[in-house]
1. Any idea how far the Cα center of region B:141-187 sits from the one of region A:213-261, in Å?
2. What is the calculated FRET efficiency for residue A:81 to residue B:278, with r their C-beta to C-beta distance and R₀ = 60 Å, to the nearest 0.05?
3. Output the relative contact order of region A:62-209, whole-number percent, from Cα pairs under 8 angstrom with separation of 6+ residues.
4. Count the DSSP beta bridges whose two residues both fall in the protein assembly as shown, then state the antiparallel fraction as a percent rounded to the nearest 5.
5. What is region A:71-197 by shape, rounded, prolate or oblate, if you read a ≥ b ≥ c off the alpha carbon gyration tensor as root eigenvalues and call it rounded for a/c under 1.5, prolate for a/b larger than b/c, and oblate otherwise?
6. Can you give me the angle between helix B:360-374 and the longest principal axis of chain B, using Cα atoms only, in degrees from 0 to 90, rounded to the nearest 10?
7. Could you calculate the contour length gain from residue A:256 to residue A:203, that is, 0.36 nm times the residue separation minus the distance between their Cα atoms, to one decimal place in nm?
8. Roughly how many nanometres apart are two label points built 7 Å out from the Cα toward the Cβ at residue A:374 and residue A:62?
């Protein structure tokens, strides 16, 4: 019994020492703060040794706590009490705390970070995707929350108890059947919906009277080149073997369809009109990703791919909807493609039909006089657009570039 | 069983071999030593991969800061204290490769298949101990070659762990695709050879060397999981080798299997007629089964640990086995869900969506069965049990987002974003790592004859568990905002700026989780030498490995190999005095707890039981 007394006294003494140390340093700190000017701690925070020492201090602290626990358990043993600390209880309680804090964390994430995600889909098919998204979100959230509650409540209720014996319950075919069939049914619904939506996105029946606008995109390390069709509405042929320093995309200008194709340094699309992107790549695989439209498709060298969709919200409308005057649609690369993968972007603008027509007339053709010579074509260039409009066409894109850099 | 008895005598003759240091610790052919070699190599690789991940997390959280220390550590890769973009991609690539292949395939399967298969089926050793040794050394060589790529001029492979050509095929595309990529490919071939040798060994041992009485339906779920994992590996890994060999040809011989229509700058490449999509098919034909190769052993280990520590039979043993079989079969026909937006024929996308979502059913069954095992249990929170529960939690959290990504329609917008990163780090990364750690804590006494300190283990578990969620849960929302993965910095797009604080939180959590592993490492290595000595059966478990002596002798059992009489999950059986009945106990010794169901239609045994019941406990005959 005297042992306990000694330990008790020691513990008291230690506590007293710690307390006095703590209070005296606190007093010192206060005094120091009162007298000296605030010291610039920046270099200290930046030095590695500071963090190493912090970590070692933490280790020391853990070691001390560990030893203290050991001493406590040993004293319990010497006292003849069988159990030291009931770690089963502690862990079970920790799981419950984890559950409660975790549920709050999930609520926080859904409400705070959930608000920071993409705005509503700005395309026709995107609305369907968002619908599927919501259904899947609700279903999975229910299962996620329910299974975690069940699990951590079970671990608390059925934590170890010497006096109790577990319930021998090896199987129950009925229950097992239920939880095979119910998920199967739910998944069947999801599969069917997903399958039909997927088909509606990728199997478009073409209406000959209302052809989609064709735009060709060529990706290369680390830029997007956009080619609009000219008046004929057809983007002409190209061949990678024709690439030269002047003919960057390898456009085949012997193809009549190519001759009026237009260069564009941004993607401008009329609202509520279907557009079909033909995606090609010059070097490695990139991915044509426009998150606000729920559009993504890889660009593969040697294999043109196509994505057709209809934008439904203009940039200006979206600015109003999101309440963000700087909002703009973006095209980015989402397939690892090299060192500048993280900065491969293009501004996308959705405008009214009228604005689009206006913008289009200001775009220059790919076919320059130099290229005409190279392809042995007559150098009778069509009348160039007036200078004033040419500068006007450059202006908005320059603004957009500025916006990006911000 | 004649094969077993000849095997016995064979080993009795060899029992007193003189073993040198070299044959015992280095070129060992003893499955237990090889398991330890796999484990320790796996742990070292895991620490390396973890440090790599913290390096690139630092870059993501503070893209505008200079850290002079980084320059001291990494030299030219971090000039001015800032990681270079190409080195960032190399870090991401090697982190992924090491974690998926070297840690979660070799470190997990290699360790526990080697350790537990002979011990739990009742065999003296693996079917081919020499092949087993070779398997480890091929793996070791693969690790060394992979790490050596950090010490070459152009740096390690940097095309992502999936190494899609043309990026991985053309050195002009990224510096890492030079010698670094060659080393990656060589390392991968050695690795596949290693895992094939291991896999063939596991399968043949399980099929041929089970002890008397150990029929398939008496095998613990761990063995089922290892068996199906090995089968899956044997079926899918060769396809990766085929793909890798073709990639080597494209890179070094000038063929065009994967390459066509490429221009770099104005230089027109001569390759023509190949398809980059072909690589993706070949890669994911392994790549998708691979994630089940990673998770199934973790499932097996967790099932066993949960049953032992709940003191209850695993709920729905047969359903657990059938769901494992279902996962194995289905996993071979779902690879296309990695390719929904690669330009693959959209019809195929629809088909792969169906098969992918079907695989959620066996996964759901497994989850519910684990929960049902906890119900009315008597749960001991041993360190192994904590990690097994953590594994189930991660499997649920990460598995549910699989339903999103498996849906081709949703994948259009989620593909290659942080949502994918969050998904697979939870469901296959964290869940498998937790399954592995659960296994390490649980079977540590079998490996080293000592116990690990449980208090440090609790600390390790709680910090890691909480921090892992803090790291990966917020990342889902970055993905939902359309932030692509493998971005060097989130500075160039305005809409990504709002995630900077979240990135800092994630990085700090990753650092804390990383530091928490120090508790594990200290505990692990300290306990090997100084841990508390373990009793023979520390967790009061039923399986065969706990009938071997603590000294871990060559040949596993000093005398005859024990005979198995019952399934491994007779925990808390009513009528039995102790709450566990090892597999080696015959029914004749447990008359008071036998159920008619136990005799599997053996009428003679049923008759004996009926007579015994009539004498001692007449009420039981009414069933």
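Rule-based calculations on the coordinates, nothing more; no lab input. Every value quoted in this text rests on a predicted model; they were computed, and no experiment measured them. Here Cβ is always computed from backbone atoms with ideal geometry, including for glycine, and neighbour counts include all displayed protein chains.
1. When both Cα centres are located, 34 Å separates them.
2. With R0 = 60 Å, the Cβ-Cβ based efficiency is 0.30.
3. Value for region A:62-209: 29 percent.
4. The answer is about 75 percent antiparallel.
5. oblate
6. 50
7. 16.2 nm
8. With each label point 7 Å from Cα toward Cβ, the separation is 6.3 nm.
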